[in-house]
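Here's the structure we're looking at; comments come further down.
The values are calculated or read from the model by the stated rules, or taken from the named source; none is laboratory data. Just so you know, these numbers come straight off a predicted model, no measurement behind them. Ideal geometry is used to build each Cβ from the backbone, glycine not excepted, and the neighbour counts take in all protein chains shown.
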Ligand code: FE
Ligand code: MN
């Protein structure tokens, strides 16, 4: 029988110094203390501090705006729908990747604890689009098929799916330098490209509505998702860096060049998606400014995983970094839904502020 990393139990008491993220006989997946990777624990706690559910966000004004034919232009509706179309299926793609692929190979218990937390957050994000479709009365057949009917969305999804084909093979193992490279290559696809680049044009577009206090409920949902995703990206980057440090043989010039090329291709796909969402400038936004932003964040992602930056772009939206750092209790929404049943909304005006939430 082949070695199954999911259930590896070491034969003798293990030392922290012998533990590795991958292929470690010293790792007992059921023994979380003493912990080796403190960063995994920190990301877990940040995730818990950001806890939210979509029903906390008041959608009443959004419903009025969406149903009023004069309140939004055709271009504004297109932008919102395209982003709903991309995110609604991308969130479950990420959740499936974590549960079906990553969890099996990452046996370290503090990393697994984070993966469980992240999987839950992806379930909350998936729930957000159910809630938004439901409250706004969007056609689910339309929204949930956009990953196949809209070419610029399909190309992003296909890029990530193709990038992860090798490790989805049930016989894939992380033994040996080449397999570790395949694994890290795919981690870059999941964390850096999907969660770190492909979500960010959408975040800028949807948060621009929020800044104008229009479709602010949907905007707040995206703001909460953005904050979660920035932790997912940080965990993924620490995971990639730690695997690379523990397996220095993988980090060749050729491998680094491949990863950089993938990120550059992702930037172009994200630009194509942006032009499709936003064919004409609206709300002081245009596709070229967002392209500049995508290049700016791509450089940050490259540096975060110890690759050289390529674009030297400047950030046209410095307010985006403020949004990422905004604590939940500082959020400006005043009301929350206390009950949501078959389209009937009841509200109270209690703030969900949590003064005990630690700062990031
Ligand atoms: Fe997500
Ligand atoms: Mn995520």
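General remarks:
- The residues listed here are 285, 278; of these, the one that is under 22 Å from residue 213 (Cβ atoms) and touching a strand residue (DSSP E or B) at 6+ places or on another chain (Cβ under 8 Å) is 278.
- Count of segment 47-60 residues, restricted to those that are within 13 Å of residue 115 (Cα to Cα) and buried (at least 18 other Cβ atoms within 10 Å of the Cβ), is 1.
- Screening the candidates 235, 198, 203, 224 for the property of being modelled with pLDDT of 95 or more, in a loop (DSSP other than H, G, I, E, B) and buried (at least 21 other Cβ atoms within 10 Å of the Cβ) yields one hit, 198.
Residue-by-condition table, conditions (1) surrounded by 16 or more Cβ atoms within 10 Å (Cβ to Cβ); (2) under 30 Å from residue 24 (Cβ atoms); (3) away from ligand 1 (no atom under 14 Å from the Cβ); (4) under 14 Å from the mean Cα position of the chain (by Cα):
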site	(1), (2), (3), (4)
82	yes, no, yes, no
91	yes, no, no, yes
101	yes, yes, yes, no
119	yes, yes, no, yes
127	no, no, no, no
134	no, no, yes, no
150	yes, no, yes, no
158	no, no, yes, no
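- Hits in segment 28-73 - residues which are farther than 30 Å from residue 245 by Cα and outside any loop (DSSP other than H, G, I, E, B): 54, 55, 56, 60, 61, 62, 63, 64, 65, 66, 67
- Hey, residue 185 farther than 21 Å from residue 66 by Cα and either without any contact (Cβ under 8 Å) to a residue 12 or more places away in the chain or surrounded by 23 or more Cβ atoms within 10 Å (Cβ to Cβ) (or both) or not: no
- If you check 291, 311 for being surrounded by 15 or more Cβ atoms within 10 Å (Cβ to Cβ), touching a residue at least 12 places away in the same chain (Cβ under 8 Å), more than 22 Å from the chain's Cα centre (by Cα) and at negative phi, only one passes: 311.
- Checklist (1) away from ligand 2 (no atom under 16 Å from the Cβ); (2) modelled with pLDDT under 95 applied to residue 324, failing item: (1)
- Selected residue [out of contact with any strand residue (DSSP E or B) (no Cβ under 6 Å at 6 or more places or on another chain), away from ligand 2 (no atom under 16 Å from the Cβ), in contact (Cβ under 8 Å) with a residue 24 or more places away in the chain and part of a helix (DSSP H, G or I)] from 110, 175, 122, 158: 110
- Search result, residues across segment 125-155 that are within 16 Å of ligand 2 (Cβ to nearest atom), within 30 Å of residue 268 (Cβ to Cβ) and touching a residue at least 60 places away in the same chain (Cβ under 8 Å): 125, 128
- Restricting attention to segment 246-267, the residues that are outside any helix (DSSP H, G or I) and out of contact with any helix residue (DSSP H, G or I) (no Cβ under 7 Å at 6 or more places or on another chain) total 1.
- Against the conditions (1) closer than 21 Å to residue 195 by Cα; (2) away from ligand 1 (no atom under 16 Å from the Cβ); (3) at pLDDT 95 or above, residue 318 satisfies every one except (3).
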